[in-house]
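The values are calculated or read from the model by the stated rules, or taken from the named source; none is laboratory data. In this text, all values refer to a predicted model and were calculated from it rather than measured experimentally. Cβ: placed from backbone, ideal geometry, glycine included. Neighbour counts: every protein chain shown. Quick note on the areas: whole protein, heavy atoms, side chains included, nothing else; ligands and nucleic acids left out. Shrake-Rupley method; radii C 1.70, N 1.55, O 1.52, S 1.80 Å.
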Amino acid sequence: MKKTVLLVVLFLFARFAQAQFIGGGGEASPDLKTNLKALKNWQNLRFGMFIHWGPVTLRGTEIGWSRGREVPIEEYDKLYKEFNPVLFSAKEWVSVAKAAGMKYLIITSKHHDGFCLWDSKYTDYDILSTPFKRDVLKELAEECRRQGILFGTYYSIADWHHPDYTTRYGGDPRPIEQSDMNRYVVYLKNQVKELIERYGTNILWFDGEWEDAWDHQKGMDLYRYARQLRDDLLINNRVDKGRKGMQGMSTSNKFAGDFGTPEQRVGTFDVDRPWESCITICRQWAWKPNDRMKSLRQCIQTLAKTAGGGGNLLLNVGPMLDGRIEQRQIDRLKEIGQWLARYGESIYGTQGGPFKPTEWMACTYKGNKIFIHLFAWPEGELLLPELKGYRILSAQVLQGQRLKVSRQNGKIAVRLPAAPVDENDTVIVLELDKEASDIRPLDVPENILRVN
Ligand code: FHN
């Protein structure tokens with residue numbers, strides 16, 4: 001008997017140790033815990049605007065990365081002396097986001113090039129040192145509050161301009177012997193404090209954590225520092241070193257961060273861990289003349305697939321050097337907004353699933369309603385795997401006609417109209433006899449569909 005008890009105790013301890021130190025499940029340490037109310041609110045918003053902007057826009061090359069490449073470092077670091085975007089209007093930008101159906105906005109307060117779009121007490125390499133002399137972050141933060149858009153700030157941990165940051169880029173000849181990363185971390189924290197206390201940022205979207213200058217300890221320390229300044233703050237997983245490349249999710253719970261950050265792709269279906277895909281509406285993050293822009297179809301289907309996978313979409317625009325957002329990008333965003341004005345119920349406040357996304361469909365649900373987003377049009381009938389234990393009370397095209405629904409050979413069969421109602425994404429609504437939240441996610445065989 002004594003021997004059995006000892007074995008049980010040893011087994012339980014081993015399990016506990018595994019959860020804590022080897023990661024992959026188990027609890028994140030208490031002071032790295034996400035503010036669940038803030039997280040839920042943000043997840044319900046589903047769609048935000050990302051903005052990459054700075055003096056580099058004078059050259060139309062990529063922000064940060066073109067320093068020391070397309071634009072010699074000396075020239076790049078002097079661009080701010082010519083930066084005078086007189087047509088910048090926070091009201092216009094926020095109105096464009098709102099018209100697109102976006103519910104939050106994240107602006108690059110400081111990118112890898114180290115230039116600050118606000119009046120920072122800790123550097124002169126900021127917007128007040130330009131001929132423009134207006135605090136872009138102040139105007140945007142206030143306008144977001146005025147128009148009810150959640151305001152957030154991107155902040156690059158990598159700072160290729162700052163003398164104390166210890167990773168050089170772009171052939172930068174400056175030796176790092178005099179550099180002091182601890183001094184840089186003090187600078188970083190002081191600026192983060194400004195963003196939280198002076199601009200009321202709700203989301204800290206860190207980036208540039210992949211370089212050797214940054215490590216796990218610094219990541220966890222920065223997360224704790226920011227959360228103790230403001231508890232209902234959301235901080236992405238690029239505050240720490242857990243992110244596994246562009247797929248964007250952290251490899252274990254030991255790393256800090258409230259949500260994963262897949263980049264330039266729709267994240268993998270995951271309804272257990274929060275995530276947000278950041279994707280450019282064109283190809284470059286910062287503005288580039290005649291950069292290829294995504295079609296309306298691509299934009300809407302990317303949003304539906306992201307929500308259908310359980311994630312948020314942060315769609316990026318790069319405003320021009322005079323401060324305006326390009327008219328064609330404004331028009332594209334407005335078109336997305338028109339689709340959301342009609343079908344937004346199938347995106348905002350929904351969860352991903354229960355049918356997992358495929359090439360031709362994605363699925364979201366809310367309460368007892370399941371929204372099937374169709375990107376291709378089946379011949380005659382839409383067939384879906386059975387939902388055992390659930391009665392389907394009705395089926396209809398969202399905002400449209402009712403449809404005949406039946407069970408056939410263990411499948412749900414929805415009789416469809418001859419043609420899609422919306423070429424980009426026609427939404428079919430199934431109303432169930434009870435909440436859909438307990439349905440375990442289901443794979444939909446690609447070949448279940450006969451497309452005409
Ligand atoms: O280098 C940056 C890039 O410029 C852009 O900011 C994206 C946005 O997520 N992040 C980095 C690349 O991973």
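Screening the candidates Phe47, Phe132, Phe83, Phe88 for the property of being more than 16 Å from the ligand (Cβ to nearest atom), in contact with a Leu (Cβ under 9 Å, 6 or more places away or on another chain), aromatic (Phe, Trp, Tyr) and more than 24 Å from Pro163 (Cβ to Cβ) yields one hit, Phe47. Keeping to the range 136-159, report how many residues are open to solvent by less than 20 Å² (accessible area, probe 1.4 Å), of a type outside the set (A, V, I, L, M, F, W, C) and away from the ligand (no atom under 16 Å from the Cβ). Residues meeting the conditions: 1. Take the residues in the range 217-239 that are outside any helix (DSSP H, G or I) and within 15 Å of the ligand (Cβ to nearest atom); name whichever of them is surrounded by the fewest Cβ atoms within 10 Å (Cβ to Cβ). Taking the candidates together, the pick is Ile235.
Could you say which residue among Arg243, Arg297 is touching a Phe, Trp or Tyr at 6+ places or on another chain (Cβ under 9 Å), closer than 29 Å to Asn182 by Cβ and either open to solvent by less than 10 Å² (accessible area, probe 1.4 Å) or at pLDDT 95 or above (or both)?
Details: Arg297 fails: closer than 29 Å to Asn182 by Cβ.
Answer to the selection: Arg243.
Of Arg265, Arg283, Arg324, all but one fail to be more than 16 Å from the ligand (Cβ to nearest atom) and either in a loop (DSSP other than H, G, I, E, B) or farther than 27 Å from Asp231 by Cα (or both); the exception is Arg324.
Of all the numbered requirements in (1) more than 16 Å from the ligand (Cβ to nearest atom); (2) closer than 18 Å to Met102 by Cα; (3) assigned to a loop (DSSP other than H, G, I, E, B), Arg297 misses one, and that requirement is (3).
Filter the range 113-133 for residues that are of a type in the set (A, V, I, L, M, F, W, C) and open to solvent by 40 Å² or more (accessible area, probe 1.4 Å) and give the result.
First, the residues of the range 113-133 that are of a type in the set (A, V, I, L, M, F, W, C): 115-118, 127-128, 132.
Passing the criteria: only Leu128.
Report every pair of residues separated by at least 6 positions or lying on different chains whose Cβ atoms are under 6 Å apart, first residue within the range 288-299 and at positive phi, second charged (D, E, K, R) and buried (at least 16 other Cβ atoms within 10 Å of the Cβ). Sorted first by the residue in the range 288-299, then by its partner, the list stays empty. State which residue pairs qualify: first residue on the phi > 0 side of the Ramachandran plot and inside the range 60-76, second residue within 11 Å of the ligand (Cβ to nearest atom) and assigned to a helix (DSSP H, G or I) in any location, beta carbons under 8 Å apart, and separation of 6 or more residues or different chains. What qualifies is Gly64/Val56. Among the residues of the range 175-190, are any free of Cβ contacts under 8 Å to residues at least 60 places away in the same chain, among the polar types (S, T, N, Q) and open to solvent by 30 Å² or more (accessible area, probe 1.4 Å)? Yes; the residues of the range 175-190 include at least one that is free of Cβ contacts under 8 Å to residues at least 60 places away in the same chain, among the polar types (S, T, N, Q) and open to solvent by 30 Å² or more (accessible area, probe 1.4 Å). Every test in (1) open to solvent by 70 Å² or more (accessible area, probe 1.4 Å); (2) within 13 Å of the ligand (Cβ to nearest atom); (3) not hydroxyl-bearing (Ser, Thr, Tyr) is passed by Asn41 save one, and that test is (2).
Considering Phe375, Phe355, the condition of being touching a strand residue (DSSP E or B) at 6+ places or on another chain (Cβ under 7 Å), within 21 Å of Val271 (Cα to Cα) and crowded, with 19+ Cβ neighbours inside 10 Å is satisfied by Phe355 alone.
Inspect all residues belonging to the range 113-120 and state whether any of them is in contact with a helix residue (DSSP H, G or I) (Cβ under 8 Å, 6 or more places away or on another chain), within 16 Å of the ligand (Cβ to nearest atom) and within 30 Å of Glu335 (Cβ to Cβ).
Just the residues of the range 113-120 that are in contact with a helix residue (DSSP H, G or I) (Cβ under 8 Å, 6 or more places away or on another chain), to begin with: 113, 115-120.
If we keep only those that are within 16 Å of the ligand (Cβ to nearest atom) as well, we get 113, 115-117.
Still in the running and within 30 Å of Glu335 (Cβ to Cβ): 117.
Yes, some residue in the range 113-120 is in contact with a helix residue (DSSP H, G or I) (Cβ under 8 Å, 6 or more places away or on another chain), within 16 Å of the ligand (Cβ to nearest atom) and within 30 Å of Glu335 (Cβ to Cβ).
Tell me the residue from Gly367, Gly344 that is under 22 Å from the mean Cα position of the chain (by Cα) and not polar (S, T, N, Q), please. Break it down into steps so the answer makes sense when it comes.
Details: Gly367 fails: under 22 Å from the mean Cα position of the chain (by Cα).
After applying the criteria, what remains is Gly344.
Filter the range 102-112 for residues that are more than 16 Å from the ligand (Cβ to nearest atom) and crowded, with 23+ Cβ neighbours inside 10 Å and give the result. Residue satisfying the conditions is Met102 alone.
Of all residue pairs spaced 6 or more apart or on separate chains, those with beta-carbon atoms under 9 Å, a first member in the range 146-159 that is touching a residue at least 60 places away in the same chain (Cβ under 8 Å) and a second member that is within 13 Å of the ligand (Cβ to nearest atom) and of a type in the set (Lys, Arg) are Tyr154/Lys110; Ser156/Lys110; Ile157/Arg238.
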